[in-house]
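Notes for the one structure printed next.
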Amino acid sequence: MNFTIEKTRTNKGTSLLDFPDSYIIIDIETTGLDPIYDEIIEITVLKVNQDKIVDTFTTLIKPTKPINPFITELTGITNDMVENSPSITDVLPDFLTFIKNETLIGHNINFDINFLYDNFIKTGHEKGLTNNFVDTLRLGRKTLKNLKHHRLKDLAAYYNIDTTGAHRSTKDCEITYQVYLHLKSQIKKEYGSLEQFLRQNQPKTFTASSLTTTKTEFNTDNPLYNKYIAITGTLTKFTRKEAMQIILDLGGHCEDKVTEKTNYLILGNNDYNPILRGKKSSKLKKAEQLKLKGYDIEILSENIFYDFISQS
DNA sequence: TCTCCTCGAGATCT
DNA sequence: CTCGAGGAGA
């Protein structure tokens, strides 16, 4: 059988700076660092509500190739131990049932998510892994700026967290959980409130990729479905963000700039922009160029856009 | 001065 | 992957 890995993990969730009420702490062990060649051999997830662990899911996984000595030395996981373990294909559905749509929290969590995402794709789950996530590595770097390194073991040492038995996923989940709680309380103390921290660290201008939809089924007849859409200028009925959310919920894709992929450019008003003052925006110019070159791009007035979104 | 965009440095995961 | 520096354009 042949499987293709998506080069860009299109449906991957968003990296959040947030402190959700409920979340999933996650850690995996693998046979190496490369999601293409290496395999997952252990998954642990902790379900947390109001910062209290309420459920756990953990399993060893039998890889298709043997575990090499370096990894056995690092993790303590031997080929004998996984001999009778389920395959990744068997584990993923249960894993998904457990995590649902919860926000995932982990240390350098992109590593875990990329592995899981690709394995979902390989085993026939078209959407990959779409959960949004919070990275304790990112939080740690923002919070403990004077620390030289921000590896999990460095943050654990800083907060006096016991790391005996690290590099097994259950233990690493527990360490990550403790580190997260410490970071959270330190942030609260230093900034006065979590909200204050978030306000100061939120990206100044939101980007199209920072928005997601929770919808899983779309009306494929809607003119915006599966189209790539950019917006220029100010809309009268919605903020830019609201409009993008509507597009995503209708199954469209939002872009921050006009590209060769773009199908529609929605034309807002630039009259009040002190820089452009009614001149053509860079997006509009680009769209006109592409249209001349024969690309499949249409420039839509704001009203046509409202007509399109009301056809749901 | 402000915003958008590109690019490179540095660091982390098994 | 994330962040920040530095350039381009207005």
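At-a-glance table
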| read-out | value |
| --- | --- |
| Residues satisfying the stated conditions in segment A:117-141, i.e. in contact with a helix residue (DSSP H, G or I) (Cβ under 8 Å, 6 or more places away or on another chain) and more than 13 Å from DNA strand C (Cβ to nearest atom) | A:N119, A:F120, A:T123, A:H125, A:K127, A:N131 |
| Residue list for segment A:87-103, filter: within 19 Å of the chain's Cα centre (by Cα) and of a type in the set (A, V, I, L, M) | A:L92, A:L96, A:I99 |
| Output for segment A:147-167, where each listed residue is of a type in the set (A, V, I, L, M, F, W, C) and either closer than 16 Å to A:T136 by Cα or within 16 Å of DNA strand C (Cβ to nearest atom) (or both) | A:L147, A:L152, A:L155, A:A156, A:A157, A:I161 |
| Residue within segment A:15-28 that is part of a loop (DSSP other than H, G, I, E, B), hydroxyl-bearing (S, T, Y) and more than 16 Å from DNA strand C (Cβ to nearest atom) present | no |
| Hits in segment A:92-110 (condition: more than 21 Å from A:K171 (Cα to Cα) and within 16 Å of DNA strand C (Cβ to nearest atom)) | none |
| Residue in segment A:94-108 that is within 27 Å of A:K142 (Cα to Cα) and without any contact (Cβ under 8 Å) to a residue 60 or more places away in the chain present | yes |
| Odd one out for A:T72, checked against (1) farther than 30 Å from A:L194 by Cα; (2) of a type in the set (V, I, T); (3) away from DNA strand B (no atom under 12 Å from the Cβ) | (3) |
| Residue pairs meeting the criteria (Cβ under 6 Å; at least 6 apart or on separate chains; first assigned to a strand (DSSP E or B), in segment A:32-55; second among the small types (G, A, S)) | A:E42/A:S169; A:T44/A:S169; A:N49/A:S22 |
| Residue ranges of helices (runs of 4 or more DSSP H) in segment A:151-204 with at least 3 members closer than 25 Å to A:I40 by Cβ | A:152-158, A:169-191 |
| Which numbered condition A:E190 fails, given (1) surrounded by 13 or more Cβ atoms within 10 Å (Cβ to Cβ); (2) at pLDDT 90 or above; (3) touching a Ser or Thr at 6+ places or on another chain (Cβ under 9 Å) | (1) |
| Of the criteria (1) of a type outside the set (V, I, T); (2) within 24 Å of the chain's Cα centre (by Cα); (3) more than 14 Å from DNA strand B (Cβ to nearest atom), which one A:E29 fails | (3) |
| Any hit, segment A:178-196, residues being of a type in the set (G, A, S) and within 16 Å of DNA strand C (Cβ to nearest atom) | no |
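Residues are listed down the side, and each one gets a yes or a no for (1) more than 23 Å from A:I175 (Cβ to Cβ); (2) outside the structural domain of A:G128 (by TED's automatic domain parsing):
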position	(1), (2)
A:T10	yes, yes
A:P20	no, no
A:P35	no, no
A:L46	no, no
A:D55	no, no
A:N68	yes, no
A:I71	no, no
A:E83	yes, no
A:D90	yes, no
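The values are calculated or read from the model by the stated rules, or taken from the named source; none is laboratory data. In this text the structure is predicted, and so the values were computed from the model without any measurement. Using ideal geometry, Cβ is built from the backbone for each residue, glycine included, and neighbour counts are taken over all protein chains shown.
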